[in-house]
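Data first, discussion second: the structure below is written as structure tokens.
Since every read-out is calculated from the coordinates, none of them should be taken as a lab result. These numbers come from a predicted model, not from an experiment. Methodologically, a virtual Cβ is constructed for each residue, glycine included, from the backbone with ideal geometry; neighbour enumeration extends over all protein chains shown.
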Amino acid sequence: MSSIPTTSLSTTGIATDRRWRWSHLLRAPHRLAFAAAMVVLMATSIWWAITLSARLGWIVTWPLAASPTLAHGTMMTFGFLPLFFMGFLNTAGPRWLGVKEPSAHDIVWPVGLQLVGWLLWVTGSLISPTVMIVGASIACLGLAWAYRDFGRLVRKSTATDQIHARAVLGAGCVGTVSLAVLIVAFALDQYSLARAALLTGFWGFIAVTFVSVAHRMIPFFTASAVPMITVWRPYWVLYLLVAALATNLIPDLDASRGYRVIRCGCVGQLLVVGQWADRDLASDYLGLNQGSLKPLAGDAAHRLCLAGVKFLAGVGWPLLVLDHRHA
């Protein structure tokens with residue numbers, strides 16, 4: 001280590017204010033959105049921990065005004081995750097699109113509406129379904145506002161590659177409509193419809209956003225960490241992943257364990273296709289197929305991915321995707 005040249009950084013004459021202030025949240029969009037997401041997540045976690053304690057008999061009385069399963073599923077799908085998405089999309093999204101990044105002040109209203117709305121939803125689950133409906137409606141307005149603003153960024157962009165941004169925007173529209181349907185169904189006591197809207201929001205909004213961002217960012221981060229790697233990002237991988245997620249919206253197929261095995265096997269082929277075609281393809285996508293890393297990474301990635309697919313096809317898939325039996 002002594003052979004590595006280092007340069008000391010002097011802070012002499014620089015005034016550093018280490019005290020935390022609320023105004024610090026407005027220094028960047030992700031700070032505000034992430035902070036709101038954590039507040040919603042903590043409120044949900046505390047509420048759910050107490051609810052489970054009541055189910056186990058550890059608490060004598062714990063009033064519930066609505067189905068705790070639906071309330072929890074809604075919070076876990078539409079509550080904190082879209083706020084995390086907002087922070088990321090208003091930071092990385094403009095860079096994808098080559099447009100000016102919005103400031104934290106530009107997203108105060110959509111973030112604030114979602115924060116207030118979901119805190120009302122949690123509170124209402126203990127008081128009145130009406131309070132829950134009001135809270136979810138406010139949150140839905142904030143979600144729609146957020147994706148309207150992101151849509152404006154997409155329309156302003158002249159970038160040649162807008163596939164990931166448009167995929168995320170489309171997923172956001174699915175999420176907004178799904179939440180609106182869930183609210184109406186909940187107000188009408190149509191729990192089957194509310195559950196369908198919840199699952200649509202999870203698979204069509206949350207999961208699609210996740211795989212779209214992962215498809216864009218994993219090769220980027222890998223290439224940044226290991227500069228000799230050439231970024232490899234085929235779009236057919238993204239299309240096949242989204243198609244596999246869409247099959248979860250087909251109730252009859254989702255109820256079939258056999259089809260879940262086929263479905264996850266379809267996704268797994270993206271990782272282990274090298275077993276019978278090009279052994280290095282899996283490690284290529286993981287960003288490890290270069291230079292001296294190639295022999296080791298090819299075998300390691302292949303074996304790891306094959307073991308993962310066997311696990312998913314056997315018993316792990318229902319656990320990993322947190323399906324409708326969760327909560």
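Some values worked out for this structure:
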{"item": "DSSP-loop chymotrypsin sites (Phe, Trp or Tyr not before Pro) across segment 18-66, with at most 12 other Cβ within 10 angstrom", "result": "TRP20, TRP58"}
{"item": "Of the trypsin sites (Lys or Arg not before Pro) in segment 71-179, those whose Cβ has at most 14 other Cβ within 10 Å and which sit in DSSP loop", "result": "LYS100"}
{"item": "Charge dipole magnitude, Cβ of K and R +1, D and E -1 - segment 49-156, Cα centre, debye nearest 20", "result": "300"}
{"item": "Centroid-to-centroid separation of segment 112-140 and segment 50-95 [C-alpha atoms, Å]", "result": "11"}
